[in-house]
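So the structure is just underneath, and the comments pick up after that.
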Amino acid sequence: MICVLAAMVALSAPPAGASAISYAAKKLGSTTLHVVTIDLNSYDVKVSGVVSKRLGVAEPVGQMVHRARPAVAITGTFHSLQTKRPVGDIVIDGECVNWGHIPSCLAIDWFGKATIVHPAWGCTQKWRDYEYVLGAGIRIMKGGVVAPDLKGRKDGSLSKPNPRVAAGITKDNKLILIATRKKMTLSGVAKVLKSMGAREAICFDGGSSVCLYYRGRMVLPTGRRLTNLLVAYDRPELYRQVKSKLSPQRAEKIAR
C-alpha cells in the first residue's frame, strides 16, 4: 500500500495564482482520485456550505453551484430519502440552518481553524464557536491513526467499498478534499489522506451522490439531486456577496 501511495502521479497542476485552493487528479493504481487542497491559513479563503432553497426539497447540483458561485463545491452530508433533509447539523455563517443526528462533524471556527467534533449520540451541540459546521458522516482517522468509527451505525453497507467523498485536516491547518467514483473502503480513503499529511479525517456522503465542481467545470457530475454541498472561496468579496444565498430561504431558527 505504501509503495502504491508513493507512486501516485498528478495529472493536472493547480492554475497559476490559485495556491490557496488547488486541484489535481491523481492516480492510485487504477483509481483516479480528485483532490482539492485548501489552505485555511490564507485570509482570502472561506469554507462554507450551501443548502437547497427549501429544507425537505432536494435541488439540482448545478442550481446550487450557480447560486453559490464558489471556486469549489463538493458533496456534503447525507440526506434522508424519506424527508429529503440533511441528516447532520449544518451551520452556515454561525447560524444553525439544519439539525441532524450524525455525531461526527467537520467544524471551522471564526479564525479559520478546522477540527472534527464528535459529540455523543443524541446530544445537542452548541455551535457558537464555529462559523461553519457539517455533520458529515464517519470519522475515519484521529490523531493520525486510521480507525473508522462505526460505533452506533446499524447500516453494515457503510464499511463496504463505495465511491467516496472525504476530507482530511493536516497539522498545518490545510483541508484536503477527496472525491472518487472508484469503490474504496473507509480505511483505504483514510490511508490515502494520511499519505497526504492529514492527521484527522472524515467521510461525507458517497455512492451516486459523489460530485465535484472546480472553477467553472463540473469535474464529477451527478444526475442526482442533493440537499447540500461544501463550498470554498478564495475571493472574500464574492463570498460576502453570496453568503445570504447559501442558507435555505426560510432558515429555521434553532436554539442551541
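Can you pull out the chymotrypsin sites (Phe, Trp or Tyr not before Pro) in the range 63-126 that DSSP calls coil and that have at most 14 other Cβ atoms within 10 Å?
On the way: sites: PHE78, TRP99, TRP110, PHE111, TRP121; in loops: PHE78, TRP99, TRP110, PHE111, TRP121.
Here the chymotrypsin sites (Phe, Trp or Tyr not before Pro) that fit, given the DSSP loop and packing criteria, are TRP110, PHE111, TRP121.
With every protein chain kept in place and ligands, DNA and RNA left out, what is the accessible area per residue of the range 47-87? Probe 1.4 Å, answer in Å².
Numbers: 1550 Å² over 41 residues.
With all protein chains present, the range 47-87 gives 38 Å² per residue.
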Alpha-carbon centroids, the range 30-49 and the range 69-118: separation in whole Å = 16 Å
The chain, relative contact order in percent, only Cα pairs under 8 angstrom and at least six apart counted | 27 percent
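Considering only protein heavy atoms and a probe of 1.4 Å, how much of the accessible area of the chain is carbon and sulfur, as a whole percent? If you can, show how the numbers build up before the last one.
Values: 6190 of 11690 Å².
Carbon with sulfur: 53 percent of the solvent-accessible area.
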How far apart, in nm, are the 7 Å Cα→Cβ label points at PHE111 and SER19?
-> 2.3 nm
Choice from LEU40, LEU186, LEU28 showing the highest fluctuation, given a GNM over the chain with Cα pairs closer than 10 Å | LEU28
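Would you calculate, for the chain, the mean residue ellipticity at 222 nm contributed by helices, counting each DSSP H stretch of 4 or more residues as -39,500 (n - 2.57) and dividing by all residues, to the nearest 500?
On the way: 4 runs with 30 residues, N = 256.
About -3000 deg cm²/dmol.
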What is the gain in length, in nm to one decimal, between ASN173 and MET218 on full extension, counting 0.36 nm per residue of separation less the C-alpha to C-alpha distance?
-> 13.6 nm
Please report, largest first and rounded to whole Å, the three semi-axes of the ellipsoid equivalent to the chain, where each semi-axis is the square root of five times an eigenvalue of the C-alpha gyration tensor.
-> 25, 21, 18
In a Gaussian network model of the chain with springs linking alpha carbons closer than 10 Å, the residue among LEU177, LEU106, LEU220 that fluctuates most is LEU220
Of the residues VAL45, VAL35, VAL91, which exhibits the maximal mean-square fluctuation in a Gaussian network model of the chain defined by a 10 Å Cα contact cut-off?
-> VAL45
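The values are calculated or read from the model by the stated rules, or taken from the named source; none is laboratory data. Computed from a predicted model, the values in this text were never measured in an experiment. A quick note on method: Cβ atoms are made from the backbone with ideal geometry, for glycine too, and the neighbour counts reach across all protein chains shown. Note: accessible area is taken over every heavy atom of the protein model, side chains too, but ligands, DNA and RNA are not part of it. Shrake-Rupley method; radii C 1.70, N 1.55, O 1.52, S 1.80 Å.
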